[in-house]
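Encoded as structure tokens, the structure appears first; notes follow it.
What follows is calculated from the coordinates using simple rules that are stated; it is not laboratory data. Since the model is a prediction, treat every value here as computed from it, not as a measurement. Note that we place each Cβ from the backbone using ideal geometry, even for glycine, and neighbour counts take in every protein chain shown.
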Amino acid sequence: MLPGYAVTPLVDAPALARRWSLGQVFVKDESSRFGLPSFKALGVSYALARLLAERADQPISTSWPQLLSQAATTDVTLVTATDGNHGRALAHFAAMLNLRCEVVVPAVMSEAAAAAIAAEGADVTRIDGSYDDAVAAAAATDSVAGRVLVQDTSWPGYEVIPGWIVEGYQTMLAETAEQLRAQGRAEPDLVAVPVGVGSLAQAVVAYYRDRQRQVSTSVLSCEPDSAACVLASLLAGEPRSVATAFTNMAGLNCGTPTSLGWPVLSGGLDAAITVTDEEATRAVDELARFGVGAGASGAAALAGVEAALTGPEASSRRAALGLDPSSVVVLLNTEGPSGAGGLA
Ligand SMILES: Cc1ncc(COP(=O)(O)O)c(C=O)c1O
């Protein structure tokens, strides 16, 4: 068991169920995961365990002393780009494992978010460019001896470590299933996911489309209207990049879908929606009323369902998502108020 691991809460939000005429609405609250304010450590910790095991030529272990001893014999610098949360999570685990860590961040990142990464012990380099530019800059150093890129997005030729990160994210869904079962509930009818490059959404779609699970859970992708690369790609029928600028949903401010996730998302997402910064801010306030602390990126799931299930086209959207007054909906709140999107 990794130090700091604990199941995150599944919070009942009856007022949302009433407003949206659903059976039950739950918020899977990732505002604190391994003591960090986002879900990202789930991917990083699993990927590092896989990486260290592979380098030591041993089977994967979740024993912390074993991971420490594998790390002690690995002379490696971990490198990544981030719009906030992933870089902080990597820096955090790198420090715990006594590994060097370098994090490249985009121009729009708030000082506070960059400082939070540096405070974990990483070397932070700010570039004069977007998140996509930061990823390209970090990737360019991957071939240098002794450096390993641990990136939460993928492109042709760089898909192994991002695949491990996606596997790590699925812990969130396994916990949710267990928590619903404990309440006598089956898997949810709809899961709403905040989307940046789409790796988390890939994990969600892959989890619920796994034939062995035999569930008919719908998955809704929720992106900022100013960085909707997954929606643009779905509309085009092929991966597309979009230009990005500022959004208060900093963790979702990504211009290019992950290559590994694209086939999963294009074949498996049930719907995709965009939300504005104002809608995300309102959703942060709404979550606070249920005692859930959220940053704007995390609250995008609530904002997305609100946009989908209210307004003139609400009834056709409900039908398309297979929702009725007995349905169970899960909103993934992927960050707390001090996550990358909460610090701006
Ligand atoms: C808080 C938060 N939610 C959701 C996401 C979306 O994850 P992905 O980029 O895999 O779509 C991110 C990504 O950085 C994030 O920081």
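See the values below:
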| quantity | calculated |
| --- | --- |
| Gaussian network model of the chain, Cα within-10 Å springs - most flexible of 80, 141, 244 | 141 |
| Overall dimensions of the chain by Cα: Rg and Dmax, Å | 18.9, 61 |
| Charge dipole magnitude, Cβ of K and R +1, D and E -1 - the stretch 41-166, Cα centre, debye nearest 20 | 320 debye |
| Cα centre as origin, Lys/Arg/Asp/Glu Cβ charges: the chain dipole, Debye | 660 debye |
| Size-normalised alpha-carbon gyration radius of the stretch 71-122, reference 2.2 N^0.38 Å | 1.10 |
| Environment charge at residue 160 (Cβ cut-off 14 Å; Lys +1, Arg +1, Asp -1, Glu -1) | -3 |
| Length released on extending from residue 160 to residue 141, taking residue separation times 0.36 nm less the Cα-Cα span | 5.1 nm |
| Fraction of alpha-carbon pairs over 24 Å apart in the stretch 41-166 - percent | 21 percent |
| Amide N proximity, the stretch 131-173 versus residue 74 label position 7 Å along Cα-to-Cβ, cut-off under 12 Å | 147-150, 161 |
| Extension gain, residue 174 back to residue 123 (0.36 nm per residue minus Cα-Cα distance, nm) | 15.0 nm |
| Cut-off 20 Å, label 7 Å out along Cα→Cβ of residue 1, residues of the stretch 158-188 by amide N | 168-180, 182 |
| Computed over the stretch 192-344: relative contact order in percent, which uses C-alpha pairs under 8 Å that are six or more apart | 27 percent |
| Residue-count net charge about residue 103 - beta-carbon cut-off 13 Å; Lys, Arg +1, Asp, Glu -1 | 0 |
| Most positive-pole-ward Cα, 113, 171, 287, against dipole of the chain from beta carbon charges | 171 |
| 12 Å beta-carbon shell around residue 121, net charge (K/R +1, D/E -1) | -1 |
